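Student: Below is a structure I'd like to ask you about.
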Amino acid sequence: MADFATVGGDPIFYLHHCNLDRIWESWNRLGNSNPTDPNYLNRKFTFADRSGKRVDMPVSAGDRSAQLGYEYDSYTKPPTAVAKTVPAAPPTDGGSAAKAGAPKPAPVWSLPDGSGKTVSLAQYKGRPVVVIFYEGYGCIQCMKQLNDFAQKARDFADAGIDVVAISTDVPEDLKNALEPYEKKGGFPFPLVSDAKLEVFKAYRCIDFDNQPLHGTFLIDAQGRVRWRDIGDRPFDDPALLLTQGKQLLKVTTASR
């Protein structure tokens, strides 16, 4: 494969490029079309044929497999649509919370804030709560996420939904992170420390290398997870989550 003169005869190289050609032809057969720019279509490639004779071939003479005199046995088909899963509604009096698809209890936790005060999930029983997992004060994206949720804190409170954020910072670093907000009356919701990542792990907000991931959870008044987003980027759409929380409250009220 390292020799330009013989690379076309290498089986791995040959099969790899055959598959690329097949994928390109599949793409065309799915309703797409190749570029029409003359600068692209008229560009020529020079190579030697099997007899060693020079060939000058423009792109337009070979951008579909039929032009080259062959077809593949099969072509890629369009993907099958997958139905979205909708969070299960709270069970009625005659239902069962243990049935398939029912929401699962959120892992309990009790963690210190920057002042050493303990905050626990149990404190939020009876009200929905948004729990945000973030990667500490040094994470710029995390700070943007927290500030965006802070701007909506009053809207969440008016809707009867609490907000709390769990950080990878130690309590002392949490205290330092909150200093800029003291003159403004403090941060509108608690920030607590999970420096050992024990709660991160319980909520599966870690990767395969045990490094923290961003996570946002909506937990209902009974302590069950109703919505979640876990990934390598913070979830930063508080308006959407506020809407989800309001819908949850409506469903819960109607089921009583």
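Student: Each residue of the range 162-177 in turn: what ³J(HN,Hα) in whole Hz from Karplus with 6.51, -1.76, 1.60 and θ = phi - 60°, glycine and Pro shown as x?
Tutor: 8, 9, 9, 10, 10, 10, 7, 5, 6, x, 5, 5, 4, 4, 5, 5
Student: Per residue, how much accessible surface does the chain expose to a 1.4 Å probe? Answer in Å², no decimals.
Tutor: In whole numbers, the chain has 65 Å² accessible per residue.
Student: Which three semi-axes in whole Å describe the equivalent ellipsoid of the chain, each the square root of 5 times a Cα gyration tensor eigenvalue, listed largest first?
Tutor: Square roots of five times the eigenvalues give 56, 25, 18 Å.
Student: Describe numerically, in nm with one decimal, the distance between label points set 7 Å from Cα along Cα→Cβ at Gln222 and at Lys250.
Tutor: Result: 2.0 nm between the two label points.
Student: Then there's this: Which Cys in the chain stand alone, with every other cysteine's Cβ at 4.7 Å or more from theirs?
Tutor: Unpaired cysteines in the chain: Cys18, Cys205.
Student: With a/c under 1.5 counting as rounded, go ahead and sort the range 121-216 into rounded, prolate or oblate using the C-alpha gyration tensor (a ≥ b ≥ c being the square roots of the eigenvalues; past the cut-off, prolate if a/b is larger than b/c, else oblate). Don't skip to the answer; put the middle values down first.
Tutor: On the way: a/c = 1.81, a/b = 1.22, b/c = 1.48.
Oblate.
Student: Mean residue ellipticity at 222 nm from the helices of the chain, using -39,500 (n - 2.57) per DSSP H segment of n ≥ 4 over the full residue count, to the nearest 500 deg cm²/dmol?
Tutor: Helix-only estimate at 222 nm: -9000 deg cm²/dmol.
Student: Calculate, in nm to one decimal, what Gln123 and Phe13 gain on full extension: separation in residues at 0.36 nm each, minus their alpha carbon distance. List each step's numbers first, then the result.
Tutor: Numbers: separation 110, 0.36 × 110 = 39.60 nm, distance 6.22 nm.
Result for the pair: 33.4 nm of gain on full extension.
Student: Computing the accessible area with a 1.4 Å probe over protein heavy atoms, can you report the carbon and sulfur percentage for the range 161-256? Don't skip to the end; give the middle numbers.
Tutor: On the way: 2500 of 5240 Å².
Here it works out to 48 percent.
Student: Go through Lys104/Lys201; Lys44/Lys77; Lys104/Lys250; Lys144/Lys250; Lys125/Lys183; Lys175/Lys246 and tell me which ones have a Cα-Cα distance over 24 Å in this structure. Show your work: numbers first, answer last.
Tutor: Values: Lys104/Lys201 16 Å; Lys44/Lys77 31 Å; Lys104/Lys250 20 Å; Lys144/Lys250 30 Å; Lys125/Lys183 31 Å; Lys175/Lys246 32 Å.
As for pairs spanning more than 24 Å Cα to Cα, those are Lys44/Lys77; Lys144/Lys250; Lys125/Lys183; Lys175/Lys246.
The values are calculated or read from the model by the stated rules, or taken from the named source; none is laboratory data. Computed from a prediction, not measured in an experiment: that's the story for all the values here. Cβ: placed from backbone, ideal geometry, glycine included. Neighbour counts: every protein chain shown. When the accessible area is computed, the model is the full protein with side chains, heavy atoms only, and any ligands, DNA or RNA have been set aside. Shrake-Rupley method; radii C 1.70, N 1.55, O 1.52, S 1.80 Å.
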